[in-house]
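Peer 1: My questions will all concern the structure given below.
The values are calculated or read from the model by the stated rules, or taken from the named source; none is laboratory data. Keep in mind the model is a prediction, meaning the values are calculated, not measured. Cβ: placed from backbone, ideal geometry, glycine included. Neighbour counts: every protein chain shown. These area figures cover heavy atoms from the full protein model, side chains too; ligands, DNA and RNA do not enter into them. Shrake-Rupley method; radii C 1.70, N 1.55, O 1.52, S 1.80 Å.
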Amino acid sequence: MVKKAVVITIFCIGLFMHAQNKQLLYDFTEVPQALMINPGMETDFSWYAGIPLLSGISVQAGSSGITVNDIFANDGLDINDKVRDRLIYGMATRDEVSSTDQVEIFSGGFRGKDPSVFYSFGLYNEVDAIVYWFKDYAILGYEGNADRLNERFDLSDLVTRGEMLNVFHFGINKRMNKDLTLGARGKIYSSILDFNTVDNDGYFVTTEGENNVYASTLDADLELRTSGVNALERASDDDNVAATLIKRGLFGGNLGLGVDLGFTYYLNGQTVVTGSLLDLGFIYHANDVENYTLEGNATIEGVEVILPDALDDPDQDFWQDLVDEVEEFIPFENDTKAYVTFRPTKLYGSIRYNFGEPMQGSAVCDCDYQNANSASSAVKYRNSIGGQLYMINRPRGPQSALTAFYQRRFGNFMALKATYTVDKFTFTNLGLGATFQAGAFNFYLMADNLLAYRNIADSHYSSFQIGLNIISWGEK
Amino acid sequence: MKIKRIGTYVWLMFVFSILFSCVEEQDFNQYDDLSITPTYEASVLYLEVPESTINDLPAPDTYSREFEFEAFSETVFADRVLEGVLTYYVENTTSKPLELEIRFLDATGNVLATEVFELDPEPSAEVIRETYYGPYGEDIDIIRNISSISVTATNNGDNVSTSSQDNPMVTLKSSGAFTVSIK
């Protein structure tokens, strides 16, 4: 159990994860990977192929309550004061440390015989986890329960989940008419590792005792569910981690199904609304499952020797009786029952206004830009401005972000997107994304919260996406 | 040419952002100065002997009991405890003078420390005693090595008198508050 806890802790702390808001990539129609966050995006590719392992790499780290600089800045303050004021008492239970990392293993897409239909497919690996600030546990661990009579330490403060999985996907994008494009993507999840403890309840409290000085009460309803942790632990012992990761990631672990949905709709020739709903799915964990529970209620007032009852059994072991009583009322148990987890579902929406000089599309032909074989497509403009909404379902409720953006296209060579985003991590998130086209090669690089680079140790949030593709827009 | 120049500027901006991003001076050696020393408190031992039971005790009018108590010798506590205090509240509402003796024993039965309470017959005040362990008190190793507790109650009076108070008895309450080093 201890080793397991260490594995999970390292997994959490080492990766510092959070489901990623890809506000720069969203609706960036020049980049094929934008299809992954809106399967109903406008597409004008004939086909594309991602460079394996390099086509889509995205990393994000976020901490809503505290930064490295808050604790370790060389500011002459006592670290004990900083930890107590800024970490232990400064953070709230809704503060989190979280992140999501994604690496595309392979990806591709092609236009079907019906030129209004574009297919895309691929496999990517995702690591996602979130740890909310377990405030009452921290106070109990940092200061103890002395002089805190009747103060309840809330056990529901422990909320964390994380997973590593591979996602196989296949998407269909269809231009329904000149105004509407719809898309859907089916997903098969192959879970490598999962842990979650999200529905905890209970408290620990010290009160005035009925007989003795104090009564210590533990009312616990705690559960930790895991799958794949044991397999990785065994693999670690056998020095076989890589093979185990690959095996579990290729349908050897736990499986699930999901779907992404999306659309693009032209309100008029220059105004576009888009939306997508991602990872509407679940994973059924039945393989290598181990769950732990601590459930019950017990109040103790130390060892009690009460005569004349204690005279009845001269061999009575008062201490062991006390231990047994606690274990009876609050049993620590484990089982291997299967369980279901739901994916962190994401919602994107945007409204975009295109303006400026109309331009020819990326297709190197004298044909319609949006769809080489369709006469009913929208004109593309050099400039776009608009707003985006992002929401994600998290254990403590939905999180959201609002983004304003400006996009500029420079011929077929380059496109830029600048964003300003407000979310729980920061109000000063400026981002910049760029995609470059050199012949068939497409390269994109996006990073946000650029102001934080003034002192990256003081950043609450940082993310980037990078990728390399080969894109064809059809014959000249 | 103009477009390529813009592209070059964008590239340079990214590169400069990464290469010339700043990090204010951090002192990770501060971690060595971090001290996490919470104090936990809880009840330890409760003893209750009614006067009727005292009157029924056979000669030599003594009740004695030894039992295991491994809360303090558990490694997770013993390796981390720095200092603490044991507080006793002893009250005698019986009609006779009593003596309570608490002995702390190690795993081999050696006596580590003894607390003796001489109690007057009622009416008498509650006796409160605090015994400190650690740098400014008794040796903290006494606490670390407690493996069992011996309790002895001796009746120094008669076996027939009865207190005028309701439910006369002798009670011992005790609590411990100990500071441990987590970091």
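Peer 1: In whole Å, what three semi-axes, largest first, describe the equivalent ellipsoid of region A:123-162 built from its Cα gyration tensor (square root of 5 times each eigenvalue)?
Peer 2: 33, 9, 4
Peer 1: In region B:34-180, carbon and sulfur make up what percent of the accessible area (probe 1.4 Å)?
Peer 2: So the carbon and sulfur contribution to the accessible surface is 47 percent.
Peer 1: Still on this model: Once you sort the root eigenvalues of the Cα gyration tensor of region A:94-160 as a ≥ b ≥ c, which label holds: rounded (a/c under 1.5), prolate (a/b larger than b/c) or oblate (the other case)?
Peer 2: Cα axes put region A:94-160 in the prolate bin.
Peer 1: Here is a follow-up. With point charges of +1 on the Cβ of Lys and Arg and -1 on the Cβ of Asp and Glu, referenced to the Cα centre of the protein assembly as shown, which listed residue (B:ILE128, A:GLN407, A:ASN21) lies farthest in the positive direction of the dipole?
Peer 2: Positive-most Cα among the choices belongs to A:GLN407.
Peer 1: Right, next: Give me the net charge for the shell around A:PHE118: Cβ to Cβ below 14 angstrom, other residues only, Lys and Arg +1, Asp and Glu -1.
Peer 2: Around A:PHE118, the charge tally is +2.
Peer 1: Also: In peptide A:407-417, how many Cβ atoms from other protein chains are near each Cβ within 10 Å, on average?
Peer 2: Partner-chain Cβ atoms within 10 Å, mean over residues of A:407-417: 2.
Peer 1: For A:ASN268, what is the net charge nearby, where nearby means another residue's Cβ is under 13 Å from its Cβ and Lys, Arg count +1, Asp, Glu -1?
Peer 2: Neighbour charge sum, excluding A:ASN268 itself: +1.
Peer 1: For peptide A:192-199, compute the average count of partner chain beta-carbon atoms within 10 Å of each residue's beta-carbon.
Peer 2: Per residue, the average neighbour count from other chains is 0.
Peer 1: Can you divide the C-alpha Rg of region B:34-180 by 2.2 N^0.38 Å and report the result to two decimal places?
Peer 2: 1.16
Peer 1: Moving to a separate point now. Which loop-located GluC sites (Glu not before Pro) does region B:34-113 contain, where loop means any DSSP state but H, G, I, E or B and the Cβ has at most 14 other Cβ atoms within 10 Å?
Peer 2: Passing both the DSSP loop test and the Cβ count: B:GLU74.
Peer 1: So, one more: Quick check on my link table: of A:LYS187/A:LYS417; A:LYS174/A:LYS247; A:LYS187/A:LYS346; A:LYS174/A:LYS346, which ones sit more than 24 Å apart, alpha carbon to alpha carbon?
Peer 2: A:LYS187/A:LYS417; A:LYS174/A:LYS247
Peer 1: Let me ask something else. Once you mark the chymotrypsin sites (Phe, Trp or Tyr not before Pro) that are in a DSSP loop and have at most 16 other Cβ atoms within 10 Å, what is the longest gap between them in chain A?
Peer 2: Answer - A:90-412.
Peer 1: Tell me, which residues of region A:304-327 get at least 30 Å² less accessible area when the other protein chains come in, versus the chain alone (1.4 Å probe)?
Peer 2: Relative to the lone chain, where solvent access is computed with a 1.4 Å probe, region A:304-327 loses at least 30 Å² at A:VAL305, A:ILE306, A:LEU307, A:LEU311, A:ASP317, A:PHE318, A:TRP319.
Peer 1: Could you look at chain A and say what percent of its accessible area is carbon and sulfur, using a 1.4 Å probe and all protein chains?
Peer 2: Roughly 60 percent of what the probe reaches on chain A is carbon or sulfur.
Peer 1: Shielding by partners for B:44-53, please: the mean number of other protein chain Cβ atoms within 10 Å of each residue's Cβ.
Peer 2: For this peptide, the per-residue mean of nearby foreign Cβ atoms is 6.
Peer 1: For region A:23-64, what is Rg from Cα atoms divided by 2.2 N^0.38 Å, rounded to two decimals?
Peer 2: Dividing the Cα Rg of region A:23-64 by 2.2 N^0.38 Å gives 1.34.
Peer 1: Please compute the contact order of chain A in relative form: average sequence separation of alpha-carbon pairs under 8 Å and at least six residues apart, divided by the residue count, as a percent.
Peer 2: Worked out over chain A, it gives 17 percent.
Peer 1: Calculate how large, on average over all directions, the projected area of the Cα convex hull of region A:42-179 is; give the answer in nm² to one decimal.
Peer 2: Projected area, direction-averaged: 13.8 nm².
Peer 1: Turning to a different aspect of this structure: Mind listing the Cα extents of the protein assembly as shown along all three principal axes, in Å, largest one first?
Peer 2: Rounded to whole Å, the extents work out to 118, 52, 46 Å.
Peer 1: Normalised by the empirical 2.2 N^0.38 Å for globular proteins, what value does the Cα Rg of region A:181-331 take?
Peer 2: That works out to 1.81 for region A:181-331.
Peer 1: Which value, in Å², gives the accessible area per residue of the protein assembly as shown when a 1.4 Å probe is used on the protein heavy atoms?
Peer 2: For the protein assembly as shown, the per-residue accessible area is 44 Å².
Peer 1: Same structure again: Quick one: putting +1 on the C-beta of Lys and Arg, -1 on the C-beta of Asp and Glu, what dipole do you get for region B:34-180 around its Cα centre, in Debye to the nearest 20?
Peer 2: It works out to roughly 240 debye.
Peer 1: Something else about it: Counting protein heavy atoms only and a 1.4 angstrom probe, how many square angstrom of accessible surface do chains B and A bury in total, to the nearest 100?
Peer 2: Buried area between the two chains comes out at roughly 4700 Å².
Peer 1: Treating the angle as unsigned and between 0 and 90°, give the value, to the nearest 10°, between the Cα long axis of helix A:2-15 and the longest Cα principal axis of chain A.
Peer 2: It works out to around 40 degrees.
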